[in-house]
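The values are calculated or read from the model by the stated rules, or taken from the named source; none is laboratory data. Everything quoted here is computed from the prediction, not taken from an experiment. A quick note on method: Cβ atoms are made from the backbone with ideal geometry, for glycine too, and the neighbour counts reach across all protein chains shown.
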Amino acid sequence: MTNPNIINSIKGLMTVNHLTEATSGQFRMVVKTKLGMTVVDARDFDNPRIMANPQLAINGYKAGVLQTVQFKADGSLCWLTVFSRTGKTVKLIDEAILANLTVGTINSQYSNTNLMDATQYRLVGAKTWASMAFVKNEAPVEAPVEA
């Protein structure tokens with residue numbers, strides 16, 4: 001792991017670092033449908049939004065539907081996997097997504113996977129659904145009361 005701010009206690013969760021090195025690119029998602037798997041390309045106006053807030057790459061689908069997210073940097077010919085899920089186990093995730101992932105996204109979309117972990121939430125000091133799940137949540141510093 002190259003991002004020192006990420007705290008990860010989940011065993012077997014591999015991380016990659018493709019999104020932080022890129023400035024722009026395209027995303028595509030592999031999703032499960034009633035007829036099987038299908039590939040959905042992110043719309044042109046969604047790509048910059050996802051680059052600015054990487055959590056959006058795995059947020060927005062019904063729970064259990066999203067299987068894989070791939071990213072292709074501008075100027076590249078290769079699609080790189082930045083999120084991969086097999087059944088109830090998230091196998092691989094990009095560090096940029098981890099750094100932006102909230103407890104609410106995990107609890108609403110990935111509650112039946114290995115990402116939902118009370119020990120992990122305690123390690124980072126998560127208190128609400130808006131808390132970050134893999135980055136230390138600092139308690140707000142109150143101004144001293146003057147007497």
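Restricting attention to the range 3-16, the residues that are part of a strand (DSSP E or B) and either touching an Asp or Glu at 6+ places or on another chain (Cβ under 7 Å) or small (Gly, Ala, Ser) (or both) add up to 3.
The rows are residues; the columns are (1) over 21 Å from Thr33 (Cβ atoms); (2) modelled with pLDDT of 95 or more; (3) in a loop (DSSP other than H, G, I, E, B); (4) of a type outside the set (D, E, K, R).
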site	(1), (2), (3), (4)
Gln55	yes, no, no, yes
Tyr61	no, no, yes, yes
Gln67	no, yes, no, yes
Gln70	no, yes, no, yes
Ser84	no, yes, no, yes
Leu98	yes, no, no, yes
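Selection within the range 19-73: residues that are of a type in the set (Gly, Ala, Ser) and touching a helix residue (DSSP H, G or I) at 6+ places or on another chain (Cβ under 8 Å). The member of this set that is surrounded by the most Cβ atoms within 10 Å (Cβ to Cβ) is Ala57. Only one of the numbered conditions (1) touching a strand residue (DSSP E or B) at 6+ places or on another chain (Cβ under 9 Å); (2) more than 26 Å from Gln26 (Cβ to Cβ); (3) of a type in the set (D, E, K, R) is not met by Glu146, and that is (1). Among residues of the range 88-113 that are over 11 Å from Met132 (Cβ atoms), those with a beta-carbon under 7 Å from a residue that is of a type in the set (Phe, Trp, Tyr) and in a strand (DSSP E or B) at least six positions away or on a different chain give the pairs Leu92/Phe83; Ile93/Phe83; Asp94/Phe83; Ile97/Phe83. Does Leu19 meet the test of being within 30 Å of Lys136 (Cβ to Cβ), within 12 Å of the chain's Cα centre (by Cα) and part of a loop (DSSP other than H, G, I, E, B)? Considered against the rule, which asks whether it is within 30 Å of Lys136 (Cβ to Cβ), within 12 Å of the chain's Cα centre (by Cα) and part of a loop (DSSP other than H, G, I, E, B), Leu19 comes out as yes.
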